[in-house]
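Visitor: This is the structure, below, for whatever I ask next.
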Amino acid sequence: MMEMKPNAANSTPFTPLGFLERAAAIYGGCVSIVYNQTEYKWSETHDRCRRVASFISAMGIGKNDVVSVIAPNIPAMFELHFAVPMAGAILNCINTRLDARTVSVLLRHSGSKLLFVDCWLRNVALEAISLLPANEAKPGLVLITDEYESEESNALNGDFSERYDELVRRGDSNFEAVWPESEWDPIVLNYTSGTTSAPKGVVLSHRGVFTMAVDVRFNC
C-alpha cells in the first residue's frame, strides 16, 4: 500500500480546462455566450477555443511561454482564458486602464510572445510596443476586430499581422489540448495596476484556478 504512486489511473491534474470539455460534452447545445447580436453554444465555444489554441501552438508557443491580451470582457477574452492554456501557454490579461508605458513594462517583464489586442485599444498597444528596447524581440500582434467599430479601427496596419476571427476560421478544430503535466504548472500571470509602485506579478497554477472556481460555485 505504501508503494502506491500517482498515475493516470488514480490521479488526474486539477485544471479548469476540464470545465470546458465537460460543458461541451454535456451542455453542448446550451448557450455559452451572448454579446450584442453574437450568440454561441458550448460546443461552438469549445470548437473556437481549440482553433485559437492551434494557431498559438503553430506559432511555436507552448509550455512556460506567456501570451498577453488587452481587451474588455468580450467573447474573445472569454475564449482566450481557455485557448491559451489549451496550447500549454500562460495567460496574461492586461488591465485596459493602464497607459502605454505601464503596458510596455508588463510586456517586457513577462517576456510575452504574443499579444491579442481589442481594436479599441490598438493605439495603446502600438505605443507600448514602440517603447520596448530595439534590441529585444517584440511579441506578435493579433487584432480583435469589432463589427460596430470603424474600418480604420479594424484595419490591419502597424505591426498587426492577423485578425482574431480569421485565425479562428483557419484554425484546427481537431486540435488536441495540451493538458498540464502537473496541476502545479502555471496557467495565469497577473499583475497589480501599479498605482502606488511598480506593478507586481503573481502566478497562479492550474490547481489554484480550479479550486477557486469550485469555491465560487459552491459558495454562490
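The values are calculated or read from the model by the stated rules, or taken from the named source; none is laboratory data. What you see is a predicted model; the values in this text were computed from it and never measured. In this analysis, Cβ positions are derived from the backbone assuming ideal geometry, glycine residues included, and neighbour counts consider all displayed protein chains. Protein only, heavy atoms only, side chains kept; ligands, DNA and RNA dropped before computing areas. Shrake-Rupley method; radii C 1.70, N 1.55, O 1.52, S 1.80 Å.
Visitor: Looking for something hydrophobic (A, V, I, L, M, F, W, C) and modelled with pLDDT under 95 - is there at least one such residue anywhere in region 84-95? I'd like the intermediate steps shown before the answer.
Guide: Restricting attention to region 84-95, the residues satisfying the condition of being hydrophobic (A, V, I, L, M, F, W, C) are 84, 86-87, 89-91, 93-94.
After this cut, where a residue has to be modelled with pLDDT under 95 as well, the list is none.
No, there is no match, as no residue in region 84-95 is hydrophobic (A, V, I, L, M, F, W, C) and modelled with pLDDT under 95.
Visitor: So if I check each of Ile74, Ile70, Ile56, Ile61, which one is surrounded by 13 or more Cβ atoms within 10 Å (Cβ to Cβ), touching a helix residue (DSSP H, G or I) at 6+ places or on another chain (Cβ under 6 Å) and of a type in the set (A, V, I, L, M)?
Guide: Details: Ile74 fails: touching a helix residue (DSSP H, G or I) at 6+ places or on another chain (Cβ under 6 Å); Ile56 fails: touching a helix residue (DSSP H, G or I) at 6+ places or on another chain (Cβ under 6 Å); Ile61 fails: touching a helix residue (DSSP H, G or I) at 6+ places or on another chain (Cβ under 6 Å).
Being surrounded by 13 or more Cβ atoms within 10 Å (Cβ to Cβ), touching a helix residue (DSSP H, G or I) at 6+ places or on another chain (Cβ under 6 Å) and of a type in the set (A, V, I, L, M) holds for just one of Ile74, Ile70, Ile56, Ile61, which is Ile70.
Visitor: I would also like to ask the following. For Asn64, state whether it is over 25 Å from Trp179 (Cα atoms), polar (S, T, N, Q) and not in a strand (DSSP E or B). Give the steps one after another, and end with the answer.
Guide: Values: over 25 Å from Trp179 (Cα atoms): no; polar (S, T, N, Q): yes; not in a strand (DSSP E or B): yes.
For Asn64, the condition - over 25 Å from Trp179 (Cα atoms), polar (S, T, N, Q) and not in a strand (DSSP E or B) - is not met.
Visitor: Taking interchain pairs and intrachain pairs at least six residues apart, which have beta carbon atoms under 8 angstrom, with the first residue in region 33-51 and part of a strand (DSSP E or B) and the second among the hydrophobic types (A, V, I, L, M, F, W, C) and open to solvent by 40 Å² or more (accessible area, probe 1.4 Å)?
Guide: Close Cβ pairs (under 8 Å, with a partner that is among the hydrophobic types (A, V, I, L, M, F, W, C) and open to solvent by 40 Å² or more (accessible area, probe 1.4 Å)) amount to Ile33/Phe78; Glu39/Val31; Tyr40/Val31; Lys41/Cys30; Lys41/Val31.
Visitor: Still on this structure, I have one more. Take residues that are surrounded by 15 or more Cβ atoms within 10 Å (Cβ to Cβ) and among the aliphatic types (A, V, I, L, M) and tell me which of the helices (runs of 4 or more DSSP H) falling wholly in region 104-200 contain 2 or more.
Guide: Values: elements: 122-130, 151-154, 164-170.
Hits in region 104-200: 122-130, 164-170.
Visitor: Another question, if that's okay. Please specify each residue of region 43-72 satisfying the condition of being polar (S, T, N, Q) and modelled with pLDDT under 95. Step through it out loud before you land on a result.
Guide: Restricting attention to region 43-72, the residues satisfying the condition of being polar (S, T, N, Q) are 43, 45, 54, 57, 64, 68.
Once the filter is applied, which keeps residues that are polar (S, T, N, Q) and modelled with pLDDT under 95, region 43-72 yields only Asn64.
Visitor: What is the one condition in (1) in contact (Cβ under 8 Å) with a residue 60 or more places away in the chain; (2) under 20 Å from Leu167 (Cα atoms); (3) of a type outside the set (S, T, N, Q) that Leu17 does not satisfy?
Guide: It fails just one condition, (2).
Visitor: Considering only region 82-103, state which residues are surrounded by fewer than 20 Cβ atoms within 10 Å (Cβ to Cβ) and either among the hydrophobic types (A, V, I, L, M, F, W, C) or over 21 Å from Ala198 (Cβ atoms) (or both).
Guide: Restricting attention to region 82-103, the residues satisfying the condition of being surrounded by fewer than 20 Cβ atoms within 10 Å (Cβ to Cβ) are 93, 95-97, 99-101.
Cys93, Ala100 - these are the residues of region 82-103 that are surrounded by fewer than 20 Cβ atoms within 10 Å (Cβ to Cβ) and either among the hydrophobic types (A, V, I, L, M, F, W, C) or over 21 Å from Ala198 (Cβ atoms) (or both).
Visitor: Another question about this same structure. For region 1-48, which positions are open to solvent by 100 Å² or more (accessible area, probe 1.4 Å) and either in contact with a Phe, Trp or Tyr (Cβ under 7 Å, 6 or more places away or on another chain) or not aliphatic (A, V, I, L, M) (or both)?
Guide: Answer for region 1-48, where residues must be open to solvent by 100 Å² or more (accessible area, probe 1.4 Å) and either in contact with a Phe, Trp or Tyr (Cβ under 7 Å, 6 or more places away or on another chain) or not aliphatic (A, V, I, L, M) (or both): Glu3, Lys5, Pro6, Arg22, Tyr27, Gln37, Glu39.
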